[in-house]
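Structure incoming, see below.
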Amino acid sequence: MAQRVEADVTVQRFGFLSDDAGNRFKFPRAETHQIDGSTSSTSYGAHDCVFDDLEGRLDTLRWTADAASIGGAWLRDQAGQIDMAVERLEMPRGLRLVRADRGVELVAPYVSLSEMKLTVRGPFRSSSSRPAPPRPPDPALRQSRLRFLDSLSGRIYLTVKVMLDLPVIGHRSLDQELRVPIQEGSLDYRALEDSLNWLEGAFLDIKHDGDRLALVWKVPIVGSTHELIRWALDQDASALAAFGRVPVRSLADFAVGGRPRPDDRKRQTLQSLSLDAIDIALSLLAPRSVEVGGGMIMFGGDDHPGMVDLKVAGELHDRAPGELKGAIGSIDITLKDLQLGPVKLTADRLHFDGLDQLEVSFDGFRPSHAMVVVHRVTATNLSLQIAGKSA
């Protein structure tokens, strides 16, 4: 694995040791204005660094320090998908930088980061050049991996805007404000249907049929129903839907528009579907876990809620760019082998104190770009592996 690390180092004195532990240098205190490093697919760096009791081996990549203070750091991959910058890092309990199976690994018992900015650019798919394996005929629903959302509470406000080109009637524009309370990770879709005003409710309807929930339109009295958007439901969601509620996690498995009927093929009935005036306020109060990025994230624990005061606003369109902006009061999570581009993260506890800025751009209903700015992050027993390409 090709690696490169360069730095300018200022020291007042140093020692050289050669014993059973190998040949190594020891620096009681070392300062550097700039450190630059790279693997075959990732570059990283830091500036204005101070290390106490710094020790480096000559026969392998292994640097340790009893404490470290870093004025700023950055990390980005060559593909331009991951870009992270931190204004200041403090590691009062020391650090260790060693060679990993792929790339390098930084291990620290305690880390404090100030003003962290993380940008992730799409497309959000595997960066591997190998072709993806064929999907099984009945792929698992995404909602089965999102059970951590079953402890969500709060509310979702939005306006559904639909432009239809109806037979005989012609173009019809429908605007409907929705007020959706979230309790224990689910919403009451029957109450949601009842909230449709008389005029819009004559054209719009919410239907549950077995393992499917759908928002449909129809011409009053004489018209047949047509799907605007539908959601697939797993077994648990289907059982809950029979009582008028559906889990929020089931909304992840959606499809816009139904299969066209033979007499509709020359006419595109659904002209546009938009979610405007989105106003979301949610919290995740119970310990929950989710498998993602080849690893696991656990939200909450030890009497700490997973996420508090998530607030999001914006708009989404089925055939145009959209954007959501928001902030989060605090997040408490545990990470296990979370893969984020070329970086793999593990931490016993990761606390985000004030996620000040959250922006997600969409192409239709699919995310294409995400950016977060966090005022302060603290991590316990952090392991960060920066990998290059495998041989």
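Quick check: with the 1.4 Å probe, what order do Leu285, Leu275 take by accessible area, largest first?
So, going from the largest accessible area down, we get Leu285, Leu275.
I've got another one for you. Give me the accessible area per residue for the stretch 11-123, probe 1.4 Å, as a whole number in Å².
51 Å²
In a Gaussian network model over the chain where Cα atoms closer than 10 Å are linked, find which of Asp101, Asp356, Asp318 has the largest mean-square fluctuation.
Of Asp101, Asp356, Asp318, the Gaussian network model singles out Asp101 as fluctuating most.
In addition: Across 10 Å bins from 0, what is the distribution of all Cα-Cα pair distances for the chain, in whole percents?
The distribution over the chain is 4, 18, 26, 21, 14, 9, 5, 2, 0, 0, given as percents.
Same structure again: Let's test this: bin the Cα-Cα distances of the stretch 264-332 at 5 Å from zero up to the farthest pair and state each bin's percent.
Whole-percent P(r) values from 0 Å outward: 4, 14, 15, 14, 14, 14, 10, 6, 5, 4, 1, 0.
Pop the C-beta distance of Tyr110 and Ala313 into the FRET formula with R0 = 35 Å and round what comes out to the nearest 0.05.
0.50
Each label point is 7 Å from the Cα along the Cα-to-Cβ direction; what then is the distance between the points at Ser18 and Ala67, in nm?
Taking the two extended label points, one gets 3.3 nm.
Would you mind getting the accessible area per residue of the stretch 339-391, heavy atoms of the protein chains only, 1.4 Å probe, in Å²?
46 Å²
Also, I was wondering about something else. If you keep only loop residues by DSSP, which trypsin sites (Lys or Arg not before Pro) in the stretch 300-391 have at most 10 other Cβ atoms within 10 Å of their Cβ?
none
For Ala255 and Glu90, calculate 0.36 nm times their separation in residues minus their Cα-Cα distance, and state this gained length in nm to one decimal.
So the extension gain works out to 54.8 nm.
GNM on the chain, C-alpha springs below 10 Å: top fluctuator among Val11, Val374, Val120?
Among Val11, Val374, Val120, the largest mean-square fluctuation in the Gaussian network model of the chain belongs to Val11.
State the extension gain, in nm to one decimal, for the chain segment bounded by Phe25 and His351, taking 0.36 nm per residue of separation less the distance between their alpha-carbons.
113.9 nm
Shifting gears a bit: Which three semi-axes in whole Å describe the equivalent ellipsoid of the stretch 295-391, each the square root of 5 times a Cα gyration tensor eigenvalue, listed largest first?
26, 20, 11
So if each residue of separation counts as 0.36 nm, and I subtract the Cα-Cα distance between Arg212 and Arg121, what length gain in nm does that give?
29.5 nm
PRE reach from Asp48 (point 7 Å along Cα→Cβ): which of the stretch 59-99 fall under 11 Å by backbone N?
Under cut-off, by backbone N: 70-73, 87-89.
Moving on. At 0.692 mPa s and 37 °C, plugging the Kirkwood radius over alpha-carbon pairs of the stretch 337-391 into Stokes-Einstein gives what diffusion coefficient in µm²/s?
So the translational diffusion coefficient is about 243 µm²/s.
The values are calculated or read from the model by the stated rules, or taken from the named source; none is laboratory data. Note that the coordinates shown come from a computational prediction; the quantities given were computed from them, not determined experimentally. With ideal geometry, Cβ positions are generated from the backbone for all residues, glycine too; neighbour counts draw on all protein chains shown. Each accessible area value is taken on the protein alone, full model and side chains, heavy atoms only, with ligands, DNA and RNA left out. Shrake-Rupley method; radii C 1.70, N 1.55, O 1.52, S 1.80 Å.
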